[in-house]
Structures are given as C-alpha cells and as structure tokens.
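Undergrad: Before I ask anything, here is the structure I am working with.
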Amino acid sequence: MRAWSLAWNTAQVPVRDTSTEVIQVRRTGKGCLSYVIGDGETAMVIDASLDPQIYLDLAHQRGWQVSMVLDTHIHADHLSRSRQLAERSGARLVLPDQQRVGFPFTAIHDGEAVGSG
C-alpha cells in the first residue's frame, strides 16, 4: 500500500498558441493533481503533493527555475509539499488569504491574477 500511495505519473496538457508548457502531475494512489507551468526560464508549481525533488527535476529537465509555488486551498485530503518546495527552490509561496497557517506566505485574494515571477 505504501508504494501505491507514492505512485505518480505526468501528462502534457495541450496549450494552443503559446510558449507556455503545462505538465499535470498525478499522484495516482491519492487522486491528487498538481501542475508545473513553465514559460521561458521560469516555472510555477500548483498544489504540490509529492516530494519537492520531483517538481525540481521536472523543471530542471526543461531548463526552468521554480519561482512560485501556489496552493489553491488549504489541503485537508493530503499533506501539501508546497512550503518545502518553496523553501528548497527559493520560490515565493502563495496561498489564499487566511489565518490558518503559522508560516510566512504571500496572500492571494479572489479575482487576483498570478504569474510565474
């Protein structure tokens, strides 16, 4: 069971008419999805749920530096790896504005847009 909970794979998400590349990372045994979105030399990771090195390797293989890590919500269904990934990569950690965590992050509010920088 432990091996199944750690199983993962990736899928390329087609994006037309842009240089942006989107990679869906599927944590098969848990049903969790995360994304690595890259353009140029930078990337952002959304909802990291695997070991941070996996995302760093995916970015490195494409010549990207992870500059932003974003969680779409506070995860009750799995352990988020976003904080660890942001710390290891030196990226900015972005979370929805809330008072439920005790560590530093950049707050995002409904309707705000984010970029990879």
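The values are calculated or read from the model by the stated rules, or taken from the named source; none is laboratory data. What you are looking at is a predicted structure, and each value in this text was computed from that prediction instead of being measured. A quick note on method: Cβ atoms are made from the backbone with ideal geometry, for glycine too, and the neighbour counts reach across all protein chains shown.
Undergrad: From the list R88, R92, R26, which one is surrounded by 12 or more Cβ atoms within 10 Å (Cβ to Cβ), in contact with a Ser or Thr (Cβ under 8 Å, 6 or more places away or on another chain), more than 24 Å from H109 (Cβ to Cβ) and free of Cβ contacts under 8 Å to residues at least 60 places away in the same chain?
TA: R26
Undergrad: Right, next: Can you say whether V36 is more than 20 Å from L93 (Cβ to Cβ) and of a type in the set (A, V, I, L, M, F, W, C), as far as the supplied structure shows?
TA: Here the answer is no, as V36 does not meet what is asked.
Undergrad: Just the residues that are over 8 Å from the mean Cα position of the chain (by Cα), in a strand (DSSP E or B) and either β-branched (V, I, T) or modelled with pLDDT of 95 or more (or both), please, taken from region 69-95.
TA: Correct list: R92, L93, V94.
Undergrad: Go through (1) at pLDDT 90 or above; (2) under 21 Å from T72 (Cβ atoms) for W8 and report which single condition fails.
TA: Unmet condition: (1).
Undergrad: Find the residue count for region 52-68, including only residues that are over 15 Å from C32 (Cβ atoms) and under 12 Å from the mean Cα position of the chain (by Cα).
TA: 7
Undergrad: If you don't mind, another one. Which condition from (1) modelled with pLDDT under 95; (2) assigned to a strand (DSSP E or B) is the one that Q24 breaks?
TA: With respect to (1) modelled with pLDDT under 95; (2) assigned to a strand (DSSP E or B), Q24 is out only on (1).
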